[in-house]
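Any read-out appearing in this document is the output of simple, stated calculations on the displayed coordinates, not a laboratory observation. Every value quoted in this text rests on a predicted model; they were computed, and no experiment measured them. All Cβ positions, glycine included, derive from the backbone under ideal geometry; neighbour counts span all protein chains shown.
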Amino acid sequence: MDVTPDLLSLNTLFDARHSCRAFRPEPVPRAVIEDILRTAQKVPSWCNAQPWKVTVCSGAEADRVRAALLKAAEGGGHSPDLPFPDGYSAEYQQRRRDCGWALYEAVGVQKGDRAGSARQMMENYRLFGAPHCAILSSPAELGPYGAMDCGGFVAAFTLAARAAGVASIPQAAVASFAPLLHELLEIPDDRIILCAISFGYGDGDHPANSFRTSRAALEHFADWRG
Ligand SMILES: Cc1cc2nc3c(=O)[nH]c(=O)nc-3n(C[C@H](O)[C@H](O)[C@H](O)COP(=O)(O)O)c2cc1C
């Protein structure tokens, strides 16, 4: 690659990040979390609105969120503030399946094992054992563009965390219990809850962390004109 050293080191960082689905229990020092947040907030946002707010839950508070989510998940009743996609078709469906099967294969869930896949799904609500969970919200009045700006924040948070030696995973699954989170964490109703980011130190020996996803070739997403 004929690239600058900066782009090379950025690629090294991007390549090192992955979504972590098993964490060790040790907490991340508050100063490190603050550094990650200060780095992530450097992303661009429309009008520099910086619409993100993060409700960072640690220790007993993270456990309270975990317990409430696990209890809620047993009863179903998903109600995200931001509607989930109506469906995934064609290449999107394929990629969704591929990453799902890669996870199930890694943790030993066979095709057709509904109990096994449900158990793995519940890991979302256990926050994959992470000692910290950040709930990300955006002002309702900013609509999809607020959510778009927050997407940049999510990407930056996960990369800044990786640079600090901290593993993470964005989780829309947690946002499916938005009413519960509004109440539990006193997040006002004029903000929409977008996702959680669970984070901590990764358990590198856990099978759930043993696979990596791939990316499409450039020609699949770049449409050159002129
Ligand atoms: C907005 C967002 C929501 C996500 N929600 C979940 C989730 O609820 N559960 C989960 O296991 N992974 C979730 N992920 C992680 C994706 O599955 C993961 O980013 C994707 O498969 C690519 O893998 P990688 O992050 O390891 O590169 C989410 C990622 C993003 C960006």
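Just one of the listed residues (TYR145, TYR125) is surrounded by 15 or more Cβ atoms within 10 Å (Cβ to Cβ) and of a type in the set (Phe, Trp, Tyr), and it is TYR125.
To keep it simple, each residue is scored yes or no on (1) without any contact (Cβ under 8 Å) to a residue 24 or more places away in the chain; (2) of a type in the set (Gly, Ala, Ser); (3) surrounded by 11 or more Cβ atoms within 10 Å (Cβ to Cβ).
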| position | (1), (2), (3) |
| --- | --- |
| GLY87 | yes, yes, no |
| GLN93 | yes, no, yes |
| CYS99 | no, no, yes |
| LEU103 | no, no, yes |
| GLN110 | yes, no, no |
| HIS132 | no, no, yes |
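Just one of the listed residues (ALA178, ALA155, ALA160) is among the small types (Gly, Ala, Ser), in contact (Cβ under 8 Å) with a residue 12 or more places away in the chain, closer than 27 Å to ARG95 by Cα and within 12 Å of the ligand (Cβ to nearest atom), namely ALA155. Residues in region 162-189 that are of a type in the set (A, V, I, L, M, F, W, C) and in contact with a strand residue (DSSP E or B) (Cβ under 7 Å, 6 or more places away or on another chain): VAL166, ALA167, ILE169, ALA172, VAL174, ALA175, ALA178, LEU181, LEU185, ILE187.
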